[in-house]
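Right, one structure below, let's go through it.
Read-outs throughout are calculated quantities, based only on the coordinates presented, and are distinct from any laboratory measurement. Treat the numbers as computed from the prediction; the structure is a model and nothing was measured. Cβ placement follows ideal geometry from the backbone for every residue including glycine, while neighbour counts extend to all protein chains displayed.
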Amino acid sequence: MLEFINFVIRINMEVAVIIPARLASTRFPEKVLSVINGMPMVVHVAKLAMQSNIGKCIVACCSKRLADIVESYGCSAIVTEDASCGTERVWLAAQKMQPIPDIVINLQGDMVLFDPSILRDITVNLVEKRADIATPVRKIDVNEYKNDVCVVFNNMEDGITGRALYFSRQQIPCGSSFLYKHIGIYAYTKNSLDMFVAHGRTFLEDVERLEQLRALQCGLNIIAVPVSCKTYSINTKEEYDIFSKHIF
């Protein structure tokens, strides 16, 4: 931890974790308010993120109602205008911050299980590799694959950080005995986040329903950072019920 604090001081950059949150989830309405460890899900996620001591942690909310709930638990919130996607909501929130952060970490409000050190790992790699975006990935055996988003990147055969070549909802690379599961956390430089939002939707993004393909199509350099710790995100009521049985 001390090493990371010295790193942040050395680079002299403002780092912020921004968690996009909306109540109108199609598959699981008001999902972010579901109770995890006695708190709304999005508050649970924010408290985990704060353990990284990486910088400010803000919940980017779709409404004042949600922001009031978040703030009642001692977390910071910003109400944004309507957004077409989570990354755009993160960008809108960043514009309201003073100063605007140099590095923004986009953390999903339904990622209820993750090691806070992941946030530090991708930030360090983003800066040291001089990338536009950094995102964590985890190696899995091909038999472990369960509708995961896979990423192909150079150096994946060696298990070290490399430049992302493509993301897919299919098992890629085809024929490999192992895959790299993408973990939906992103560290953006301010400029790359601006470029992402300004570019607009792309063909591959719409086909695969993956926002990160927009970044690749507009020429941004995404690096994949291998991590070993497991994560868990909740997309449906059924997944929430499964998770709840293990924590309650």
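Between region 79-111 and region 26-68, how far is it from one alpha carbon centroid to the other, in angstrom? Using only Cα atoms, the two centres lie 13 Å from each other. Just checking the listed ones, Cys62, Cys218, Cys75: in the Gaussian network model of the chain with Cα springs under 10 Å, the one fluctuating most is Cys218.
Overall shape of region 1-111 was characterised from the C-alpha gyration tensor. The equivalent ellipsoid obtained from it has semi-axes of 24, 16, 11 Å, in decreasing order. Size descriptor for the chain, Kirkwood hydrodynamic radius: 18.4 Å (Cα pairs only, one decimal).
What FRET efficiency comes out for the pair Arg163/Arg27, r = Cβ-Cβ distance, R0 = 45 Å, nearest 0.05?
Working: r = 32 Å, r/R0 = 0.72.
Efficiency, from the Cβ-Cβ distance: 0.90.
For Lys190, the aspartates and glutamates whose Cα comes closer than 14 Å to its Cα, not counting residues fewer than 8 places off in the same chain, are Glu14, Glu88, Asp102, Asp132.
Taking only C-alpha pairs under 8 Å that are 6+ residues apart, what is the relative contact order of the chain in percent?
Numbers: 476 pairs, mean separation 52.2, N = 248.
Reported relative contact order: 21 percent.
Computed over the chain with a Gaussian network model linking Cα atoms closer than 10 Å, the most mobile of Val15, Val197, Val35 is Val35. Counting 0.36 nm for each residue step from Lys96 to Lys64 and taking away their Cα separation leaves a gain of 10.0 nm.
Here Lys245 is the anchor, and the aspartates and glutamates within straight C-alpha reach of less than 18 Å, apart from those fewer than 8 places off in the same chain, are Asp110.
Residue-wise HN-Hα couplings along region 197-213, as the Karplus relation 6.51 cos²θ - 1.76 cosθ + 1.60 with θ = phi - 60° gives them from phi, are 5, 5, 5, x, 5, 10, 4, 5, 4, 6, 5, 8, 6, 10, 4, 5, 5 Hz; Gly and Pro carry x. 3J(HN,Hα) along region 218-228, derived from phi through the Karplus expression 6.51 cos²θ - 1.76 cosθ + 1.60 where θ = phi - 60°, amounts to 9, x, 7, 8, 9, 10, 9, 10, x, 10, 9 Hz, with x in place of Gly and Pro.
Value of Rg to Rh for region 115-230, rounded to two decimals, is 0.95; Kirkwood radius and Rg both from alpha-carbon coordinates.
Here the spin labels are modelled as points 7 Å beyond Cα on the Cα-Cβ line, and at Val142 and Cys174 they lie 1.2 nm apart.
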